[in-house]
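What follows is a short report on a single structure.
What follows is calculated from the coordinates using simple rules that are stated; it is not laboratory data. Treat the numbers as computed from the prediction; the structure is a model and nothing was measured. Ideal geometry is used to build each Cβ from the backbone, glycine not excepted, and the neighbour counts take in all protein chains shown.
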Amino acid sequence: MKQLMTRGLNYVSMIFKGVVAARLWLVAYIVLILIPASVLLYAYSQRYSRILEEEVTRTMLQTLKQAEINLNHQFDSARDISNTILMNPKLHQYLSNSTSDSDQLDAMKELRILVDNAQTNPIVFRVRLYVDDSKLFSHERVNFFPWESIKNRPWYTDVVNSSGNLVWTGAYLERFLDDTESTRYVFSGIRVLRDPDNYDHMSGVLSIEVAAKTIENILFNIELNKEQNVFMVAPDGTIVLHNDKSLLGTKLKSSAVLSAIEQQNEGVSAIIEDNTQQYVVYTTIGSTDWKLVAEVPKNVISSRTASLNQFASVATLSGVTILFLILVFILIAFIVRGMNLRVQTVIRAIKREGMEGLDERSGTSEGDFYLLEKSVDHLIHRVRDLMEETYKSKVQEREAQLRALQAQINPHFLYNTLDTINWIAIGHNAHDISQMIDGLAKYFRLSLNKGRDLVSVTDELNLAKVYLEIQQTRFPKSFEVHFDIEEGLDDIEMPKLTLQPIVENALLHGIRKSKGKTGSILIKARQEEGVLILSVTDDGIGMEPELVQSLLTEPRPTMKSDVSGSSYGLYNVNERIKLFAGDAYGLELHSTLGEGTIVTVRMTYKHSSDKPPL
């Protein structure tokens, strides 16, 4: 027992002597490093917290803007459907007051086809036409309604005064007689239909309805934090969509939020509401001028930045430690003479204990090597994570490029086709206009493919076939089409809208520009050793070698095109194939002036059976 007490006293005495011997070091550390480092650490922590808050709110704004892009796409698609119906040359004739009862039945059939085609779009929930009560079909109450039934609606005056422009309503509860759910919340894009022969006369009202769930799936899937409140508000402060349906159509109660979002189209504003600090993140939906708003409590962001700030604190403390080690070496240089006696004492102790004692002291440095190994291991993992993030961002960038290129669908074809339908109806007074409309519907159903980027080779060939059938109606007896298709290509998938632009160029820039404006087109499809090969051959006017090269190397080749041509260039198709299959694949062009052109597509492909299960 006495022995233990003696050892304990000796141990305490040794610690005290060590502290006394190191007092100069301690004073230097406190004065030169600890106090300045504490001040700098506090200032750095405050600034870093502000920077982190700005980064977090900026990330929230980017998330909100991505949702705004998706919402714009939904409303723009519905607007395009409304424009398509409005441009139908027979629509105003069907709605005129001069038709007899028998003609009204025919008009209802034609309008039914027009409405059903529009409702095949997944974005459109219901198309409604409000017409004069004298129409026999005005009381059908599924797609056709009497005009009088909407004159008491709150949006009616705005629609009448909009000069035929599309007016969007906020989400409201609507009744549906033919639906399993008797009532649904919908958005409506509404416009007045005016008689082209008498513009002051309104022939009807067209409403394109979008299910509120379609918009809510985008809005309420925004993930900023657990305490977020996301909603949409009109420029006048009316709430057009909110998770709390009782607030729909009411004015925004918070004047602070309304003042914040009125400043500019998008941004982040800090406000105080009910003695609570919060951030208002907002952006503008261009199609409707509504504001997409997210309210986020500031304490949620502060707690998030505090957790991120811990890493900065650790880094700062590590820097202070490094500064301390540097000071140690500086102090050693100044006090080395005063430590000579102590060094001599240590040397004598080593001589008494032998080299084994020195080896044991050197062995304690293994801890530093262990720390180094752990740091390198952490660095390797960090670099690997950064490489994975970079790779994912590159993949997403390429996918975005592919989608952007695929989205460039030429509207001229639609206008030309509708124009052809109009002249057929006027010139021949024939009912084959229905066949033309059906062909056009097939074309867009195959080309849009419900938003999917890949289609089967069969669907792509059918799309080209439907396109050529429509053009044969437009240019009768001016060209022939032949197909040479290898069997076994049904389950092969490829990017959509690859073949149709090539066929369009062959017809409009090859055959239609030849002297006789007649010719033939041969379409082949086969696969060789895992490579899909498609070719389009025409015996049209052909091209010069310089022009052939520019078509695949210049985004906008210097080639004049008439109004019937397509701006959907071969360069675009070639770039899409490279993005899909790699730089080793793409288009090959062989053309002889005055003899014709051969365009060959080479790409890798996917089987539909290779899709992962849903």
Quiz prompt | Point-to-point label distance, T458-A584, nm (Cα→Cβ direction, 7 Å offset) | solution = 3.0
Exercise. Compute the signed sum of charges (Lys and Arg +1, Asp and Glu -1) over the other residues within less than 10 Å, Cβ to Cβ, of G596.
Key: -3
Quiz item: Which residues in the stretch 160-176 have a backbone N closer than 19 Å to a point placed 7 Å from the Cα of N83 along the Cα-to-Cβ line?
Solution: 162-169
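By how many nm would the segment from K245 to E273 lengthen if fully extended, with 0.36 nm per residue of separation less the alpha-carbon distance?
Working: separation 28, 0.36 × 28 = 10.08 nm, distance 2.22 nm.
Extending this stretch completely gives an extra 7.9 nm.
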Self-check item: Shape parameters for the stretch 108-186, alpha-carbon atoms, Rg then Dmax in Å
Solution: 13.2, 36
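At a Förster distance of 51 Å, what's the computed FRET efficiency of T390 paired with D289, Cβ-Cβ distance as r, to 0.05? Don't skip to the answer; put the middle values down first.
Working: r = 38 Å, r/R0 = 0.74.
For T390 and D289, the calculated efficiency is 0.85.
Given a Förster radius of 30 Å and the C-beta distance between R7 and R382 as r, what FRET efficiency does 1/(1 + (r/R0)^6) yield to the nearest 0.05?
Values: r = 47 Å, r/R0 = 1.55.
The computed FRET efficiency comes out at 0.05.
Work out how much length H482 to D158 would gain on full extension: take 0.36 nm times their residue separation and subtract the Cα-Cα distance, in nm to one decimal.
Details: separation 324, 0.36 × 324 = 116.64 nm, distance 5.42 nm.
Fully extending the segment from H482 to D158 adds 111.2 nm.
Relative contact order for the stretch 209-266: what percent, with Cα pairs under 8 Å and sequence separation of 6 or more?
Details: 40 pairs, mean separation 11.2, N = 58.
This gives 19 percent for the stretch 209-266.
For a 21 Å ceiling on Cα separation, which of these pairs sit above it: K291/K394; K253/K291; K65/K496; K65/K578?
Details: K291/K394 31 Å; K253/K291 15 Å; K65/K496 28 Å; K65/K578 29 Å.
Table pairs above 21 Å Cα-Cα are K291/K394; K65/K496; K65/K578.
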Practice problem: Could you line up W155, W168 from fewest to most neighbouring Cβ atoms inside 10 Å? | Solution: W155, W168
